[in-house]
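What follows is a set of notes on a single structure, which appears directly below.
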Amino acid sequence: MTIANWCVLTACLLPIITVGLAKAGSATSATRAERYDNNNPREWATRLTGWQQRALAAQNNGWEALPLFIAAVVLAQQAHADQGRIDLLAMSFIGIRIAYVIVYLMNIGPLRSLIWAAGIGTSIAILLMA
């Protein structure tokens, strides 16, 4: 498996890890209503506020960014583009997505938007190699 393929797997796991932070953070909540409810996870999500709500939003954005990234990697590899460059860009995408989550949780909107654009740009750069 190539480094880019491992990055695809990592990109698929990042949204799960991101919302996992919110779920884990609710374990110490004062009231039962604030704690993660595995029987009613969507209802629980509607009551989130603060950084946990932003973690859920970052998870959703992670799912939204995924199709372009996966397609870009697969198409570039099928086109036999330079694998070293694909790998480098794929690793960059993962680093950018991690930075995106951190900045989202910190509630720094303008920087988050710039980082988001860098992530999309990285996926497009990979796709253009196809």
- prompt: Among the residues of region 73-88, is any out of contact with any Leu (no Cβ under 8 Å at 6 or more places or on another chain), more than 24 Å from T2 (Cβ to Cβ) and in contact (Cβ under 8 Å) with a residue 12 or more places away in the chain?
  reply: no
Residues of region 1-34 satisfying the condition of being surrounded by fewer than 14 Cβ atoms within 10 Å (Cβ to Cβ), at pLDDT below 90 and of a type outside the set (V, I, T): A24, A27, S29, A30, R32, A33
message: Residues that are in a helix (DSSP H, G or I), touching a Lys or Arg at 6+ places or on another chain (Cβ under 6 Å), surrounded by 19 or more Cβ atoms within 10 Å (Cβ to Cβ) and among the hydroxyl-bearing types (S, T, Y): does region 95-104 have at least one?
response: yes
message: Would you confirm, using the coordinates I've provided, whether A24 is among the small types (G, A, S) and over 12 Å from the mean Cα position of the chain (by Cα)?
response: yes
- request: Those residues that are over 16 Å from the mean Cα position of the chain (by Cα), within 21 Å of V19 (Cα to Cα) and exposed (fewer than 15 other Cβ atoms within 10 Å of the Cβ), I need them from region 43-90; list them, please.
  value: E43, T46, R47, T49, G50
task: Six or more apart or on different chains, Cβ under 9 Å: which pairs go from a residue in region 113-128 that's free of Cβ contacts under 8 Å to residues at least 24 places away in the same chain and more than 11 Å from S92 (Cα to Cα) to one that's assigned to a helix (DSSP H, G or I) and of a type outside the set (A, V, I, L, M, F, W, C)? Could you list them?
output: I115/R97; I115/Y100; I115/Y104
- prompt: Is it fair to say N107 is surrounded by fewer than 14 Cβ atoms within 10 Å (Cβ to Cβ), at pLDDT 95 or above and touching a Phe, Trp or Tyr at 6+ places or on another chain (Cβ under 9 Å)?
  reply: yes
query: Any residue at all in region 30-42 that is polar (S, T, N, Q), free of Cβ contacts under 8 Å to residues at least 40 places away in the same chain and assigned to a helix (DSSP H, G or I)?
result: no
message: Exactly one condition in (1) farther than 30 Å from G50 by Cβ; (2) surrounded by 14 or more Cβ atoms within 10 Å (Cβ to Cβ) is false for L128; which is it?
response: (2)
task: Answer yes or no as to whether G25 is within 22 Å of G121 (Cα to Cα), out of contact with any His (no Cβ under 7 Å at 6 or more places or on another chain) and in a helix (DSSP H, G or I).
output: no
message: Pairs please, first residue from region 9-29 and more than 15 Å from Q53 (Cβ to Cβ), second anywhere and surrounded by fewer than 16 Cβ atoms within 10 Å (Cβ to Cβ) and modelled with pLDDT under 95, Cβ atoms under 7 Å, 6+ apart in sequence or on different chains.
response: A27/R35
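The values are calculated or read from the model by the stated rules, or taken from the named source; none is laboratory data. Just so you know, these numbers come straight off a predicted model, no measurement behind them. As a convention, Cβ positions derive from the backbone with ideal geometry for all residues, glycine included, and neighbour counts pool all protein chains shown.
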